[in-house]
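Quick one: structure below, then a few questions.
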Amino acid sequence: MAYNPRPMQDTSRIKAYHRRQIAVRVVGMAFGLAYAACWIAPAQRWVTWFDSPWAAALSLAAAMFLGYQLLSLPLDIYGGYLLEHRFDLSNETPRHFVVQQIKQTLVGAAIGGVIVAGFYACLWYAGALWWLWLWVGWIVLTVVLARVFPTIILPIFYQCEPIDRPELAERLTQMGEAAGVHVRGVYELKLSEETRKANAMLAGLGHTRRVLLSDTLLGEFRQPEIEVVFAHELAHHTRGHILKGLALGAVVSSAMVAAIVWAVGPAVDEPMAAAAAAPRALLAVLVVGIVLLPVGNAVSRHFERQADADALQTTADPDAHISAFTRLGEQNLADPAPARWIELLFYDHPPLSKRIAAAGAIEHPGDEGTGERRDGPTGY
């Protein structure tokens, strides 16, 4: 079936939404840096109130965490609630937003507590190779979190259950088997209470790995389009993108550990001084993360292009590919062609115009031998 592109949406509205999104991200990063820097001097005084370095370190970390949660709340409200409602992308009620914020705070506190405790345990008890133990510990924590994310962490925020569409489930399972992949589960992620946006992801490791399709996608997309999305997520599995991403994370974490070593400096031999060095270490980690963000995004875009190409090959349906990403752009109010610098700095997926154009350049069944290629729509 030939694809008939829909009329273009109001591009000025799309651009306005994304300008605000980018502004929220930039302000958030700048605020994080400024917040960590503002704690450097007070931390020196804070630790003098305690006799135990553990009490000093943990209380300082708790104060920094709670202060950040409170001071960044206006930005969270604007970016996560008001902006989404202003552009008709959210179904979220104020009560749901508050509950989700509380959950995020509690989960963040639990994970942050493990990180802080592990950091100081390495610093004070692991000897001269404390930095090596810190690096190994960070990698282990990353792997554990990736493994438990779909079964423990994600259900805290969203209901997730096997899709209740037997024919679709059977078809997707067959696609997985044809690709040589045993599909351990295709799950419906209940996002509609919060957003109108569609989403899909591959999450987990080993027996927890599963494909997640949002109910907002399953309810709006045609089956051929769903198959394209599933084939894309399946390609992430067959190409080992999660493991490759973890390997990249190990490289990034080594740079962060090096920054922490530099930030702690001579304080490593003085427990109270080391406790007071937490803001400097945090600031160093944030700087490294921001500097390396474009590199991580470039790798991610490469993975996404590979998954798109595999999905095209698997489904052999460029029309469905084009319509799926066009529909995704419409539903999520995605900017099809952002400025190049914005793409390089902030996009972990290729812009939709490029993804659609790649599908439009594929020879269609029935066009073999004609040399004819089709140009996909660049806007919507």
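Of (1) surrounded by 16 or more Cβ atoms within 10 Å (Cβ to Cβ); (2) modelled with pLDDT under 90, Asn199 satisfies all except one. Which?
Failed condition: (2).
To continue, here is another question. For Trp130, indicate whether it is touching a Leu at 6+ places or on another chain (Cβ under 6 Å), in contact (Cβ under 8 Å) with a residue 60 or more places away in the chain and not assigned by TED's automatic domain parsing to the domain that holds Leu205.
yes
Please tell me if Leu123 is free of Cβ contacts under 8 Å to residues at least 24 places away in the same chain and within 21 Å of Glu270 (Cβ to Cβ).
Taking the combined requirement at face value, the residue does not satisfy it.
Anything in region 212-233 that is among the charged types (D, E, K, R) and under 19 Å from Arg184 (Cβ atoms)? List them, or say none.
Glu227, Glu233
Checking Tyr125 against (1) of a type in the set (Phe, Trp, Tyr); (2) in contact with a Pro (Cβ under 7 Å, 6 or more places away or on another chain); (3) loosely packed, with under 15 Cβ neighbours inside 10 Å, which single condition isn't satisfied?
(2)
May I ask you to verify whether Ile322 is among the hydrophobic types (A, V, I, L, M, F, W, C), out of contact with any Pro (no Cβ under 6 Å at 6 or more places or on another chain) and farther than 25 Å from Glu220 by Cα?
So Ile322 fails the test.
Given (1) out of contact with any helix residue (DSSP H, G or I) (no Cβ under 7 Å at 6 or more places or on another chain); (2) more than 24 Å from Asn332 (Cβ to Cβ), where does His96 come up short, assuming only one miss?
Among (1) out of contact with any helix residue (DSSP H, G or I) (no Cβ under 7 Å at 6 or more places or on another chain); (2) more than 24 Å from Asn332 (Cβ to Cβ), the lone unmet condition for His96 is (2).
Would you check which residues across region 88-118 are touching a residue at least 60 places away in the same chain (Cβ under 8 Å) and part of a helix (DSSP H, G or I) and list them?
Scanning region 88-118 gives His96, Gln100, Val116.
While we're here: Tell me which of these Arg305 doesn't satisfy, since it passes every other one: (1) among the charged types (D, E, K, R); (2) more than 22 Å from the chain's Cα centre (by Cα); (3) under 27 Å from Val186 (Cα atoms).
(2)
Please indicate, with yes or no, whether at least one residue in region 197-204 is touching a Phe, Trp or Tyr at 6+ places or on another chain (Cβ under 9 Å) and not in a strand (DSSP E or B).
yes
Of the residues Gly118, Gly180, which single one is out of contact with any Pro (no Cβ under 9 Å at 6 or more places or on another chain), within 25 Å of Gly265 (Cβ to Cβ) and not hydrophobic (A, V, I, L, M, F, W, C)?
Gly118
Restricting to region 299-340, name every residue that is basic (Lys, Arg) and either within 24 Å of Leu172 (Cα to Cα) or modelled with pLDDT of 95 or more (or both).
Across region 299-340, the qualifying residues are Arg301, Arg305, Arg327.
Moving on to the next point. Taking the condition touching a residue at least 12 places away in the same chain (Cβ under 8 Å) and of a type outside the set (A, V, I, L, M, F, W, C), does His321 pass?
Yes, satisfied.
Which residue is farthest from Leu292 (Cα to Cα), if the candidates are limited to region 218-252 and must be without any contact (Cβ under 8 Å) to a residue 40 or more places away in the chain and part of a helix (DSSP H, G or I)?
Leu243
The values are calculated or read from the model by the stated rules, or taken from the named source; none is laboratory data. Bear in mind the structure is a predicted one, so any value in this text is a computation, not a measurement. Glycine gets a Cβ as well: all are built from the backbone with ideal geometry, and neighbour counts include every protein chain shown.
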